[in-house]
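Down below is the structure, laid out as structure tokens.
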Amino acid sequence: MCIRDRARKGSIGEHIMDWRDWFKEQEFYYFAIVYMCARITVNVCSSMLQFYLVNVLRIATTSVQEATPLELALIPITLFTFSVAGSITLDVIQKRVDKKTCYTIGLIFVIFSAALLMILDHQYKNWVYLAAITLGFGQSVCLNTALNYISDVIGLRGSSGAFVFGAYSFTDKFANGIILYFAMASDSFRDKDEGFLRIMTAVVPAVASAVGWALILIAGKKVTPEQSSKNSIAKHL
């Protein structure tokens with residue numbers, strides 16, 4: 001073995017793994033699904049929320065002569081604001097609890113908001129602001145925790161790590177596109193079925209978050225930046 005190869009294998013540097021080697025890593029598949037689920041939680045809900053507000057809570061009418069209600073802008077803004085708040089507070093939370101507990105906290109907020117969205121109607125439509133607050137915070141915590149797990153899996157292997165982020169981004173966009181395509185092509189969506197809109201806005205994101213949580217329970221406990229790098233070194237020695 002030449003000196004250069006020894007130096008490379010004895011290092012935890014970014015050249016220790018080729019991009020093709022990621023397909024042999026179990027964690028690569030686990031956290032691809034975790035990240036995909038976190039993105040489904042955010043994107044599907046955000047895409048369906050306006051249809052939910054109009055057709056389930058009846059915040060706006062179909063008349064072109066009436067101005068668009070302010071609530072149709074305020075509710076998404078509220079969700080986005082508390083998503084930012086979740087991102088800001090995540091560092092504080094992670095100083096006190098581990099990443100698995102962080103994701104669990106996010107999941108609880110998402111499930112609470114999903115339950116609220118399932119039971120709300122026009123009479124109690126103002127409660128949707130509470131749902132937006134808890135949903136925005138929960139989505140942000142779940143998504144950012146998933147990203148932290150990906151960083152742990154990649155460790156210090158920067159050059160091949162770029163492939164991981166690219167592959168995960170493709171996976172999440174493909175999954176979200178498929179879900180939204182079939183949802184909006186369905187007869188239930190065209191008929192503005194309230195039950196269907198509730199399921200797409202509340203249940204699908206909550207189930208996606210729960211699937212991500214289950215995978216974290218399986219794989220998350222054995223992934224740290226140090227352990228990920230050590231495992232990679234052992235495989236390539």
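Determine if region 134-141 includes at least one residue that is among the aromatic types (Phe, Trp, Tyr), under 18 Å from residue 37 (Cα atoms) and part of a helix (DSSP H, G or I).
There is at least one residue in region 134-141 that is among the aromatic types (Phe, Trp, Tyr), under 18 Å from residue 37 (Cα atoms) and part of a helix (DSSP H, G or I).
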Leading residue by the ranking (modelled with the highest pLDDT) among those in region 1-42 that are more than 30 Å from residue 205 (Cα to Cα) and of a type in the set (A, V, I, L, M): 17
Some residue of region 64-74 being at pLDDT below 95 and β-branched (Val, Ile, Thr): yes
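What do you reckon, is residue 34 surrounded by 14 or more Cβ atoms within 10 Å (Cβ to Cβ), in a helix (DSSP H, G or I) and touching a residue at least 60 places away in the same chain (Cβ under 8 Å)?
On the way: surrounded by 14 or more Cβ atoms within 10 Å (Cβ to Cβ): yes; in a helix (DSSP H, G or I): yes; touching a residue at least 60 places away in the same chain (Cβ under 8 Å): yes.
In short, yes.
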Condition met for residue 103 (open to solvent by 60 Å² or more (accessible area, probe 1.4 Å) and assigned to a helix (DSSP H, G or I)): no
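A quick yes/no check of all residues on (1) surrounded by fewer than 17 Cβ atoms within 10 Å (Cβ to Cβ); (2) in contact with a Leu (Cβ under 8 Å, 6 or more places away or on another chain); (3) touching a residue at least 40 places away in the same chain (Cβ under 8 Å):
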{"site": "70", "(1), (2), (3)": "yes, no, no"}
{"site": "75", "(1), (2), (3)": "no, yes, yes"}
{"site": "84", "(1), (2), (3)": "yes, no, yes"}
{"site": "109", "(1), (2), (3)": "no, yes, no"}
{"site": "113", "(1), (2), (3)": "no, yes, yes"}
{"site": "120", "(1), (2), (3)": "no, yes, yes"}
{"site": "124", "(1), (2), (3)": "yes, no, no"}
{"site": "128", "(1), (2), (3)": "no, yes, yes"}
{"site": "137", "(1), (2), (3)": "no, no, yes"}
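Can you work out which of the residues in region 193-216 that are closer than 15 Å to residue 148 by Cα and open to solvent by 20 Å² or more (accessible area, probe 1.4 Å) is modelled with the highest pLDDT? Before you say what the answer is, go through the steps one by one.
In the first step, residues of region 193-216 are kept if they are closer than 15 Å to residue 148 by Cα; the result is 212-213, 215-216.
Still in the running and open to solvent by 20 Å² or more (accessible area, probe 1.4 Å): 213, 215.
Numbers: 213: 95, 215: 92.
Only one residue tops the list, namely 213.
The values are calculated or read from the model by the stated rules, or taken from the named source; none is laboratory data. Quick caveat: nothing in here was measured; it's all calculated off a predicted structure. Using ideal geometry, Cβ is built from the backbone for each residue, glycine included, and neighbour counts are taken over all protein chains shown. Ligands, DNA and RNA are stripped out before the accessible areas are found, and what is left, the full protein with its side chains, is counted by its heavy atoms. Shrake-Rupley method; radii C 1.70, N 1.55, O 1.52, S 1.80 Å.
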